[in-house]
Amino acid sequence: QVQLVESGGGLVQPGGSLRLSCAASGNIFSINTMGWYRQAPGKQRELVSTITSGGDTDYADSVKGRFTISRGNAKNTVYLQMNSLKTEDTAAYYCNMKLVTLSFWGQGTQVIVSS
């Protein structure tokens, strides 16, 4: 079993920045993919960004150039640096880890972009 704990959400004005963190614990294999998804009210959960254990990254078109995903030195943490935030970035952000065929989720952290 894997536990994921997110932190770093909050209220920010448009154009501002936030950094989300996710720490994983439990039975973690060295080869895995971690990432961030988000879900706005009334919408489906969508991919924001992922990063493999080898460092390969992927981003949704809507966040390219504004968000940066990275992993900590211990490889069991993942960060999402969010710059130039827009009101449409408002959502609950969820950390995800994929291990072979298994997928684990955190409890989510709320990001609200509003003036």
(request) Select from 103, 49, 21 the residue whose mean-square fluctuation is largest in a Gaussian network model of the chain (Cα-Cα springs shorter than 10 Å). (result) 103
(message) Can you give me the accessible area per residue for the chain, using a 1.4 Å probe, in Å²?
(response) 53 Å²
(message) Test of understanding: in a Gaussian network model of the chain with alpha carbons linked when under 10 Å, which of 26, 55, 15 would top the mean-square fluctuation ranking?
(response) 26
(message) With +1 assigned to the C-beta of every Lys and Arg and -1 to the C-beta of every Asp and Glu, and no other charges, what is the dipole magnitude of the chain about the Cα centre in debye, to the nearest 20?
(response) 80 debye
(request) Just tell me which aspartates and glutamates come within less than 17 Å, Cα to Cα, of residue 86; anything on the same chain fewer than 8 places away is out. (result) 46, 61
(message) Amide H of residue 86 versus every other amide H placed in the peptide plane: which residues, excluding those fewer than 5 positions away on the same chain, fall under 5 Å?
(response) 15
(request) Can you grab the distance from the C-alpha centre of the stretch 10-26 to the C-alpha centre of the stretch 67-81, Å, no decimals? (result) 11 Å
(request) Take 57, 77 and sort them by solvent-accessible surface of the protein heavy atoms, 1.4 Å probe, largest at the top. (result) 57, 77
(message) Can you return the lysines within cross-link range of residue 75? Criterion is Cα-Cα under 22 Å, with same-chain partners fewer than 8 residues away left out.
(response) 98
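What number comes out for the charge environment of residue 41, summing +1 per Lys or Arg and -1 per Asp or Glu over other residues with Cβ under 15 Å away? Mind dumping the intermediate values first?
Values: positive: 38, 43, 45; negative: 46, 88, 89.
So the surrounding residues net to 0.
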(request) Heavy atoms only, probe 1.4 Å: what % of the accessible area of the chain goes to carbon and sulfur, would you let me know? (result) 49 percent
(request) Net charge near residue 83: determine it from the other residues with C-beta under 10 Å of the C-beta of residue 83, scoring Lys and Arg +1 and Asp and Glu -1. (result) +2
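The values are calculated or read from the model by the stated rules, or taken from the named source; none is laboratory data. What you are looking at is a predicted structure, and each value in this text was computed from that prediction instead of being measured. Cβ atoms come from the backbone with ideal geometry, glycine included; neighbour counts cover every protein chain shown. Just so you know, the surface numbers come from the protein's heavy atoms only, side chains and all, with ligands and any DNA or RNA stripped out. Shrake-Rupley method; radii C 1.70, N 1.55, O 1.52, S 1.80 Å.
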